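Structure first, then comments.
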Amino acid sequence: MDRFGSVILVAGLACFAFAFLLSGLYPYMITDHAVPAATIEDLASYVPADFKALKDAYPVSFAQRFSQAEAALTPRELVSLDASDPRRGQSEAAWQAAYAEALIQGRNLYISEVCWHCHSQYVRPVANESLRFGPVLTSDHDNNVLQQPVLWGTRRVGPDLTHEGRLRSNDWHVAHFFNPAEVTPGSIMPRYTWFYREGWQVMRRIDPGKADRTGLDPERAYGYPGVWETKAEAEAAMAQIKASLPSTLAGEAERMFVAEAEGPSSDLLSLIAYVQWLGTWTPPHLEQAQ
Ligand code: HEC
């Protein structure tokens with residue numbers, strides 16, 4: 001019996017050593033050393049519209065996190081600038097810097113919140129996994145700084161996230177991290193309520209006439225984008241929205257009010273930027289081949 005125990009012990013240690021060695025060697029083996037790993041500047045050279053939309057939707061949290069927020073102009077802000085305004089030229093560089101920061105911080109949060117315990121980032125070339133999770137990628141796709149080391153994950157309690165980027169909207173993620181079960185009934189993913197901060201939001205009650213027709217509660221309200229630090233700031237935002245309403249929507253103003261709300265913190269914006277990035281990067285030499 002003693003001997004049996006020792007065999008199991010040695011076999012266990014050998015398996016552990018093998019896995020340890022392989023995990024250490026893989027990052028080295030996957031890289032084609034002729035092609036250097038993409039740097040964070042490479043990855044952030046194209047800033048997607050969904051990242052820019054986070055500034056419009058959550059201006060306070062965005063400005064708290066990104067020092068470049070003022071110089072990084074959303075399409076909405078650009079429209080109001082003259083064609084010769086120098087701020088136009090500076091905007092894209094500011095976006096790239098902010099996006100690079102968001103990706104790194106988002107990945108760090110993905111690691112520190114242990115998302116990898118429940119989510120893999122590896123579609124295996126077996127069992128028709130690609131039908132469920134999207135195409136199997138080659139090691140070229142891991143040849144970038146955000147996959148050093150690769151975040152394969154340990155097990156799959158939740159779905160594989162290799163191709164999660166742009167599958168869902170930012171709003172979906174904001175609602176999902178706050179309470180996954182509300183968005184995906186029966187979900188066992190934990191709530192990440194510490195990624196939300198308290199503030200004030202501009203709300204609008206449902207049009208009573210429409211509520212009558214659809215059987216909804218007329219007291220139910222929708223939030224306008226933006227969660228502000230203080231009530232006064234939210235009221236100022238509400239005054240601005242009211243002033244910009246076209247005359248055909250005059251009734252809208254009466255249904256608007258300011259209420260306490262919870263909005264995503266700046267950390268969550270980074271985590272969402274990272275999740276929305278997953279699977280969206282193609283190494284340049286493969287892009288040319290396409
Ligand atoms: C205890 C396991 C667990 C942990 C920890 C966990 N998740 Fe999940 N996650 C799930 C499960 C189960 C689902 C599928 C049900 C759902 O949509 O909520 C899911 C779904 C998701 C989805 C939606 C995938 C889709 O269908 O498009 C995303 C994105 C996601 N998780 C990201 C994260 C991130 C980021 C973290 C870390 C902050 C995290 N998860 C932590 C279990 C987990």
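The values are calculated or read from the model by the stated rules, or taken from the named source; none is laboratory data. As the structure is a prediction and not an experimental result, all values here were calculated from the model. Here the Cβ is made from the backbone with ideal geometry for all residues, glycine too, and neighbour counts use every protein chain on show.
Data for the structure
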quantity	calculated
Test: residue in segment 93-104 that is more than 18 Å from the chain's Cα centre (by Cα) and at pLDDT below 95	yes
Matching residues in segment 183-233 - criterion: being modelled with pLDDT under 85 and surrounded by 15 or more Cβ atoms within 10 Å (Cβ to Cβ)	Asp207, Ala211
Hits in segment 133-146 (condition: touching a Pro at 6+ places or on another chain (Cβ under 8 Å) and within 16 Å of the ligand (Cβ to nearest atom))	Phe133
Among (1) in contact (Cβ under 8 Å) with a residue 12 or more places away in the chain; (2) within 13 Å of the ligand (Cβ to nearest atom); (3) outside any loop (DSSP other than H, G, I, E, B); (4) out of contact with any strand residue (DSSP E or B) (no Cβ under 7 Å at 6 or more places or on another chain), the one test that Glu182 misses	(1)
Residues of segment 162-177 satisfying the condition of being hydrophobic (A, V, I, L, M, F, W, C) and more than 6 Å from the ligand (Cβ to nearest atom)	Trp172, Val174, Ala175, Phe177
Options Arg124, Arg88: the member that is among the basic types (Lys, Arg) and in a loop (DSSP other than H, G, I, E, B)	Arg124
Residues that are touching a helix residue (DSSP H, G or I) at 6+ places or on another chain (Cβ under 6 Å), more than 18 Å from Met189 (Cα to Cα) and surrounded by 15 or more Cβ atoms within 10 Å (Cβ to Cβ), drawn from segment 145-162	Val145, Leu146, Val150, Leu151
Yes/no for Gly279 being over 17 Å from Ala57 (Cβ atoms) and either of a type in the set (Val, Ile, Thr) or buried (at least 20 other Cβ atoms within 10 Å of the Cβ) (or both)	yes
Qualifying residue in segment 267-284 (condition: modelled with pLDDT under 90 and in a helix (DSSP H, G or I))	yes
Among the candidates Ala63, Ala72, Ala127, Ala97, residue that is away from the ligand (no atom under 16 Å from the Cβ), at positive phi and among the small types (Gly, Ala, Ser)	Ala127
Some residue of segment 26-46 being modelled with pLDDT of 85 or more, within 30 Å of Glu229 (Cβ to Cβ) and part of a loop (DSSP other than H, G, I, E, B)	yes
Number of positions in segment 109-153 that are of a type in the set (A, V, I, L, M) and under 16 Å from Leu278 (Cβ atoms)	9
Members of segment 81-119 found to be of a type in the set (Lys, Arg) and surrounded by fewer than 18 Cβ atoms within 10 Å (Cβ to Cβ), listed by number	Arg87, Arg88
Enumeration of residues in segment 248-262 that are assigned to a helix (DSSP H, G or I) and surrounded by 13 or more Cβ atoms within 10 Å (Cβ to Cβ)	Glu252, Ala253
Flag for Arg197 being away from the ligand (no atom under 16 Å from the Cβ), part of a strand (DSSP E or B) and more than 23 Å from Lys52 (Cα to Cα)	no
Residue among Ala236, Ala250 that alone is hydrophobic (A, V, I, L, M, F, W, C), at pLDDT 90 or above and more than 27 Å from Ile272 (Cα to Cα)	Ala236
Only listed residue being under 22 Å from Ser23 (Cα atoms), outside any helix (DSSP H, G or I), touching a residue at least 12 places away in the same chain (Cβ under 8 Å) and near the ligand (Cβ under 9 Å from one of its atoms), chosen from Val150, Val157	Val157
Selection status of Leu245, aliphatic (A, V, I, L, M), modelled with pLDDT under 95 and not in a helix (DSSP H, G or I)	yes
Where a residue in segment 91-120 is in contact (Cβ under 8 Å) with a residue 12 or more places away in the chain and its partner, wherever it lies, is among the basic types (Lys, Arg) and in a helix (DSSP H, G or I), with Cβ under 7 Å and at least six apart	Trp95/Lys52
